[in-house]
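Worksheet: the structure to be examined is printed underneath.
Any read-out appearing in this document is the output of simple, stated calculations on the displayed coordinates, not a laboratory observation. For clarity, every value in this text was computed on a predicted model and none was experimentally measured. So basically every Cβ, Gly included, is an ideal-geometry build from the backbone, and we count neighbours across all protein chains shown.
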Amino acid sequence: MSYHIYSAEAVILKRWDVGEADTLFSFFTKDFGRIDAKAQGVRYLKSKLRYHLSGFSFVRVSFVETSGDCWRLVDAEEYENLDDIKTNGGKKRSILKVFSLLERLIQGQESDTELWEEVRGFLIFLENNKLDAKDLEDFTISTALNIMAHLGYIDKKKCSNPIMAIQQALEQSQL
């Protein structure tokens, strides 16, 4: 039986260790939206995928469809490493907040190029700019607001207090 191999640019939103050596990844991709894919044996030292799936980077992933909602990861290649983010605790926390929001709000698989560009721009900006704590917090809130507005949770034009709007939208969505 042959399988069709799908490929896409992605960022890793979340990862869970499963069993002895497998890992389940939640990716946000340019072409497929959010997908969950299982990487078999990726935690073994001999795994060829292991070093390309460390997080805080852009990766090209290839996967095949399996039964159920999960995909099987068959290849990954890190093509843009975000080294400055990996060494900056404030930037890491900022990214984890945005990725957690994406994980909660994006349900199902649907291509969304505009949202991909928003997330990509957020990561590239953080990588290339030095921000103090206040600017980093403001930028994170602004990005979260843009994501929620894009997904239809907030009317950005009517929003005078971004933090309050984000909290209300999350409460109303019951996520």
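Chymotrypsin sites (Phe, Trp or Tyr not before Pro), restricted to the range 13-66: which are DSSP loop and have at most 16 other Cβ atoms within 10 Å?
TYR44
Among GLY121, SER54, ASN81, whose Cα sits farthest toward the positive end of the charge dipole of the chain (+1 at Cβ of Lys/Arg, -1 at Cβ of Asp/Glu, about the Cα centre)?
Result: SER54, furthest along the dipole toward the positive end.
Which one of PHE139, VAL11, LEU45 is farthest out on the positive end of the charge dipole of the chain, using unit charges on Cβ (Lys, Arg +1; Asp, Glu -1) and the Cα centre as origin?
My answer, from the dipole projection, is LEU45.
Counting just the Cα atoms, what span does the chain cover along each of its three principal axes? Round to the nearest Å and put the largest first.
55, 34, 27
Return the calculated 222 nm mean residue ellipticity for the chain, to the nearest 500 deg cm²/dmol, obtained by summing -39500 (n - 2.57) across DSSP H runs with n ≥ 4 and dividing by the residue count.
Taking each H run of at least 4 residues, the total per residue is -12000 deg cm²/dmol.
Please work out the C-alpha center-to-center distance from the range 18-95 to the range 112-161 and express it in whole Å.
23
From Cα pairs below 8 angstrom and at least 6 apart in sequence, can you work out the relative contact order of the range 5-81, rounded to a whole percent?
30
Can you give the extra length, in nm with one decimal, that the chain gains between ASN128 and ILE5 once fully stretched, where that is 0.36 nm per residue apart less the Cα-Cα distance?
So the chain would gain 40.9 nm between ASN128 and ILE5.
Using DSSP loop states and a limit of at most 14 other Cβ atoms within 10 Å to flag GluC sites (Glu not before Pro), what is the longest stretch of the chain containing no flagged site?
Maximal segment without exposed cleavage sites: 21-109.
For the chain, what relative contact order do you get, as a whole percent, if you take Cα pairs closer than 8 Å and at least 6 residues apart?
19
With +1 on the Cβ of every Lys and Arg and -1 on the Cβ of every Asp and Glu, and nothing else charged, how large is the dipole of the chain about its Cα centre, in debye rounded to the nearest 20?
The calculation lands at about 380 debye.
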